[in-house]
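The values are calculated or read from the model by the stated rules, or taken from the named source; none is laboratory data. Keep in mind that what you see is a predicted model, and the values were worked out from it rather than measured. No Cβ is skipped: glycine too gets one built from the backbone with ideal geometry, and neighbour counts run over all protein chains shown. Just so you know, the surface numbers come from the protein's heavy atoms only, side chains and all, with ligands and any DNA or RNA stripped out. Shrake-Rupley method; radii C 1.70, N 1.55, O 1.52, S 1.80 Å.
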Amino acid sequence: MSSISGLVEDEISSFFESSPPLKNNEEIVAKLNQFIELNHSCEGGKRRIVCVTSGGTTVPLEQRCVRYIDNFSSGNRGAASTENFVKAGYAVIFLYRRGTCQPYCRYLPDDPFLECFEFPDAKNIQVHGSHSEAVKMAVMDQQAAVAEGRLLKLPFSTIYEYLQMLRLIATVLKDVGPCSMFYLAAAVSDFYVPWKSMTEHKIESGSGPLDIRLAQVPKMLSILRSNWAPKAFCISFKLETDSKILIEKATKALQKYKVHAVVANELLTRKEEVVVVSSSGNVVVRRDNNKPESIVEDNLIRLIVDRHSTYIKESHT
Ligand code: PAZ
């Protein structure tokens, strides 16, 4: 297990102490406890629980935010992975950026969404024939996952919200031990403006170039692994645009944060293939080109679920 230095621990504490508190903290805790009770109590059965993070975090530049810095992520990976985890029998906490791609909605047209519908007469509205299958499947699958209590969706926007929510989730998942998993596909800002040094009102324009000093976001993976949820199976992601440095960076992250695997992907080819980097070697996972409906997450989640099963078995011996 990774142990973290006092310095890193201080940086992490001061990040949280100076963050604007979550507005709906108690509501989130209540939802999480209910979800864990339903899926991992003796009465409710013992499903595996995975927290899938998805979408990019924003870094506000003003406290009453008008402008912000964003991290790229459409949320497709997180949404598709969530669907596959539910199919594999997991209960999923989907921690996602507001407005990004949602599970079961990947085949719906989002631009413009209203083109899905038509008005045969003044009293009725119905789904257009060309979209009816996609809409039917989306509604049925999403409703089944929610009705069975297997999908809990929690939205975030800022880096402050994301990290506070991740900490809450890790804390409640601690008791689930090896049957819990973190699958960290969200694109998380490396730099931010500390809340206390941020201007309250909209930054004035018209006085020349803007100088902003960004502080480094403390690396929370280390504390997630060592303190928050040390027994959880943990998968992190590494995105690069330069394929030459991708595997080296992913290997460094694996060693530094002692996660169980790092999924390495390149921006342009991320929907075609990923490389799962772990201490047992690197495995290239590809989309099945012979099947038009195939997505890389079908094979990726199969591999991750297998690895998780081995981890659970080994934890009990
Ligand atoms: O959300 P998306 O499907 O457009 O892209 C997924 C991804 C590239 C954001 C994800 O696979 C990933 O690599 N996340 C971690 C990014 C990072 O290194 O911070």
| Which percent of the accessible area of the chain is formed by carbon and sulfur heavy atoms (probe 1.4 angstrom)? | 52 percent
| Using a simple charge model, +1 on the beta-carbon of Lys and Arg, -1 on the beta-carbon of Asp and Glu, nothing else, what dipole does the chain show about its Cα centre, in debye to the nearest 20? | 780 debye
| said: Rolling a 1.4 angstrom probe over the protein chains, ignoring ligands and nucleic acids, what is the accessible area of LYS231 in square angstrom, nearest 10? | reply: 130 Å²
| task | Springs between alpha-carbon atoms under 10 Å, Gaussian network over the chain: tell me which of THR82, THR53, THR269 tops the mean-square fluctuations. | result | THR269
| task | Treat each spin label as a single point 7 Å out from the Cα along the C-beta direction, and report the ILE212 to SER197 distance in nm. | result | 1.3 nm
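With Cβ to Cβ distances under 13 Å as the rule, what net charge do the other residues near PRO155 carry (K, R +1; D, E -1)?
Numbers: positive: LYS23, LYS31, ARG97, ARG98, LYS153; negative: GLU27, GLU161.
Taking every Cβ under 13 Å from that of PRO155, the sum is +3.
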| task | First measure r as the distance between the Cβ atoms of VAL139 and ARG64, then evaluate 1/(1 + (r/R0)^6) with R0 = 51 Å and state the FRET efficiency to the nearest 0.05. | result | 0.85
| task | Select from PHE182, SER278, HIS40 the residue farthest towards the positive end of the dipole of the chain; place +1 on Cβ of Lys and Arg, -1 on Cβ of Asp and Glu, and compute about the Cα centre. | result | SER278
| query | Given a 1.4 Å probe, how much area per residue of the chain is accessible, in Å²? | reply | 54 Å²
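Kindly flag which residue pairs out of LYS31/LYS252; LYS46/LYS258; LYS23/LYS174; LYS31/LYS244; LYS258/LYS291 have an alpha-carbon separation exceeding 32 Å in this structure. Show your work: numbers first, answer last.
Details: LYS31/LYS252 36 Å; LYS46/LYS258 26 Å; LYS23/LYS174 23 Å; LYS31/LYS244 43 Å; LYS258/LYS291 35 Å.
Table pairs above 32 Å Cα-Cα are LYS31/LYS252; LYS31/LYS244; LYS258/LYS291.
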| task | Give me the number: length gained by fully extending ALA88 to ASN124, i.e. 0.36 nm times residue separation minus the C-alpha to C-alpha distance, one decimal in nm. | result | 9.2 nm
| message | Please compute the modelled spin-label separation between TYR107 and LYS249, points set 7 Å along Cα→Cβ, answer in nm with one decimal. | response | 3.4 nm
| task | Roll a 1.4 Å probe over the protein heavy atoms and report the accessible area of SER222 in Å², nearest 10. | result | 10 Å²
| request: For CYS179, CYS51, write out the residues from largest to smallest accessible area, computed with a 1.4 angstrom probe and no ligands counted. | output: CYS179, CYS51
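Translational D (Stokes-Einstein, µm²/s) of the range 49-208 at 37 °C and 0.692 mPa s when Rh comes from the Kirkwood sum over C-alpha pairs? It would help to have the intermediate numbers written out before the result.
Working: Rh = 17.9 Å.
The estimated diffusion coefficient comes to 183 µm²/s.
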| request: Report the calculated FRET efficiency for LYS291 and PHE72 (r = Cβ-Cβ distance, R0 = 30 Å), to the nearest 0.05. | output: 0.60
| request: Pick out, from CYS116, PHE16, ILE28, the residue whose Cα sits farthest towards the positive end of the charge dipole of the range 1-132, with +1 on the Cβ of Lys and Arg and -1 on the Cβ of Asp and Glu. | output: CYS116
| query | So what are the three principal axis dimensions of the chain from its Cα atoms, in whole Å, longest to shortest? | reply | 63, 61, 46
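Once you have a ≥ b ≥ c as the square roots of the Cα gyration tensor eigenvalues for the range 227-317, tell me rounded if a/c is under 1.5, and otherwise prolate or oblate according to whether a/b is larger than b/c.
It comes out oblate by the Cα gyration axes.
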| request: For the range 183-230, give the magnitude of the charge dipole about the Cα centre (Cβ charges: +1 Lys/Arg, -1 Asp/Glu; no others), in debye to the nearest 20. | output: 240 debye
| request: Would you rank TRP195, TRP228 by solvent-accessible area, highest first, keeping every protein chain in place and using a 1.4 Å probe? | output: TRP195, TRP228
| query | Just the accessible area for PHE119, please: 1.4 Å probe, Å², rounded to the nearest 10? | reply | 140 Å²
